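Dropping a structure here in structure tokens format, bear with me for questions.
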Amino acid sequence: MTWLLIFAMGLVVFLNRYAFLEPRLPLRLSSNARQFLGFAVPGMLTAICGPIIFLPGHELDLSLTNPYLLGSLVAIGLVLLTRSVLLSMLASMLIFFVLRSWLT
Amino acid sequence: MPLSLAVAPWGLLAGSMAIEANLSAWEGQGLSAIVFAGAAQLVAIGMLKGGANLFSILLTTLLLTSQHLLYGLTMRPVLSGQPLRWRLGLGFLLTDEFFALTSRYDRQTFNRWYALGVGLTFYVAWNLFTLAGILLGRNIPHLDRLGLDFSIVATFVALIAPLVRNLPTVVCVAVSLLCSVLFSYWHWETALVASGLLGMGAGFACQKLTGGRS
């Protein structure tokens, strides 16, 4: 089952990458389709983060002392200030771990 | 070369998360060797852990990696004239980082050996860091209680925040965030895909209504 998933995922990702490299494929994406796909990164990545931040351990936590929420706010602030994804990611992880041992 | 260091935390994470989600070492390495897509791998592992079904994982993979369609479209003038085995090989190696380094060349200046070198460097680095993550995940007990899932949030948040520069993107992120928390709270199996699509749709609709360009 897991191997089936791995190979199927590999195939899906490869087809995504290869599709437009194939010279026999004549079409171009319509402008609407391209605009819609342009929202894939913010839309999908946010949907993945939402439950991790607000539902840690599958329980709703909307409080301001939620370390996942505070860590995310730190990451947003850092990346807007420094423009460095890697730095913001590492620094906010550090702060998250400190906060978590503090608040729990 | 330094850019391949940037994939280190991701690779470590992909390896240790796979172990955390009770995948075998071979399955964890297989994901990196066969799929070779950071975000999609982490999300698939997360969904697997959450008990999502095969179809919803594949659909999420398709949506998450749809940016590669745009890369392919951009690289088309350069790559579609190459022989089949070059198209297949470079197509497999077409990642975000690969695209960042090779997309600036046009048909005259493009060197397929250079592109192959870049792609293979990322591929090897990615798999080595995955292996390191697998070994760490196996030898450090309770790695799952360290809150490693936050590193996904940290990375994605850091990637999303600079993109949020106009109203449609704000709407997209807000709708997606609200829906994902709500749907997950309701234990919908397709919570992530549904809220991602709704967010994308909302952003797209907002863009159409305000008449703005992307």
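Throughout, read-outs are computed from the coordinates displayed, never taken from laboratory work. Remember, predicted model here, so these are calculated numbers, not experimental data. Here the Cβ positions follow ideal geometry from the backbone for every residue, glycine too, while neighbour counts run over all protein chains shown.
Could you check the spin-label model distance between B:Lys49 and A:Ala19? Points 7 Å from the Cα along Cα→Cβ, value in nm.
Spacing of the two 7 Å Cα→Cβ label points: 3.0 nm.
Return an integer: the convex hull volume of the alpha-carbon atoms of chain A, in Å³ per residue.
Looking at chain A, the number lands at 183 Å³ per residue.
Rounded to the nearest 0.05, what FRET efficiency do B:Thr74 and B:Val124 have when you use their Cβ-Cβ distance and R0 = 30 Å?
Rounded to the nearest 0.05, the efficiency is 0.75.
Turning to a different aspect of this structure: Explain nothing, just the number: relative contact order of segment A:32-103, from Cα pairs under 8 Å at least 6 residues apart, as a whole percent.
24 percent
Given a Förster distance of 25 angstrom, what is the FRET efficiency for B:Ala100 paired with B:Asn166, based on the Cβ-Cβ distance and rounded to 0.05?
0.65
With +1 on each Lys and Arg Cβ and -1 on each Asp and Glu Cβ, how big is the dipole of the protein assembly as shown about its Cα centre, in debye rounded to the nearest 20?
1080 debye
At a Förster distance of 41 Å, what's the computed FRET efficiency of B:Ala25 paired with B:Gln108, Cβ-Cβ distance as r, to 0.05?
Computed FRET efficiency for B:Ala25 and B:Gln108: 0.35.
Among A:Ile52, A:Ser92, A:Thr82, which residue has its Cα positioned farthest towards the positive end of the charge dipole of chain A, with +1 placed on the Cβ of Lys and Arg, -1 on the Cβ of Asp and Glu, and the dipole taken about the Cα centre?
Looking along the dipole axis, the top candidate is A:Thr82.
Helix A:40-54 versus the longest principal axis of chain A: what angle, 0 to 90°, nearest 10, using Cα atoms?
30 degrees
Quick check on chain A: helices-only [θ] at 222 nm, where DSSP H runs of length 4 and up contribute -39,500 (n - 2.57) each and the sum goes over total residues. Nearest 500, please.
Helix-only estimate at 222 nm: -23500 deg cm²/dmol.
Put one equal scatterer on each alpha carbon of segment B:1-162, apply the Debye formula with no solvent term, and list log10 I(q)/I(0) at q = 0.09, 0.15 1/Å to two decimals.
Here log10 of I(q) over I(0) equals -0.32, -0.85.
Taking all pairs of distinct Cα atoms, average 1/r, flip it, and tell me the Kirkwood hydrodynamic radius of segment B:73-198 in Å to one decimal place.
After inverting the mean inverse Cα-Cα distance, the result is 18.3 Å.
Between A:Trp102 and A:Asp61, what is the label-point separation in nm under the 7 Å Cα-to-beta-carbon projection?
In this crude spin-label approximation the distance works out to 1.5 nm.
Let me ask something additional. Among B:Trp188, B:Leu116, B:Pro162, whose Cα projects farthest towards the positive end of the dipole of chain B, with charges put on the beta-carbon of Lys, Arg (+1) and Asp, Glu (-1)?
The residue sitting most towards the positive pole is B:Leu116.
Summing -39500 (n - 2.57) over the DSSP H runs of n ≥ 4 in chain B and dividing by its residue number, what mean residue ellipticity at 222 nm do you reach, to the nearest 500 deg cm²/dmol?
Value at 222 nm, helices only, nearest 500: -22500 deg cm²/dmol.
Just to be sure I understand the model, the point goes 7 Å from the Cα along the line to the Cβ. What's the resulting A:Leu80 to B:Ala33 distance in nm?
4.4 nm
Right, next: Could you tell me how far the Cα centroid of segment A:38-86 sits from the Cα centroid of segment B:1-68, in Å?
19 Å
Next up: I need the Kirkwood Rh of the protein assembly as shown: take the reciprocal of the average 1/r across all distinct C-alpha pairs and report it in angstrom.
Mean inverse Cα-Cα distance, inverted, gives 20.1 Å.
Restricting to DSSP loop positions (anything but H, G, I, E, B) with no more than 12 other Cβ atoms inside 10 Å of their own Cβ, which trypsin sites (Lys or Arg not before Pro) remain in segment B:43-119?
B:Arg104, B:Arg107
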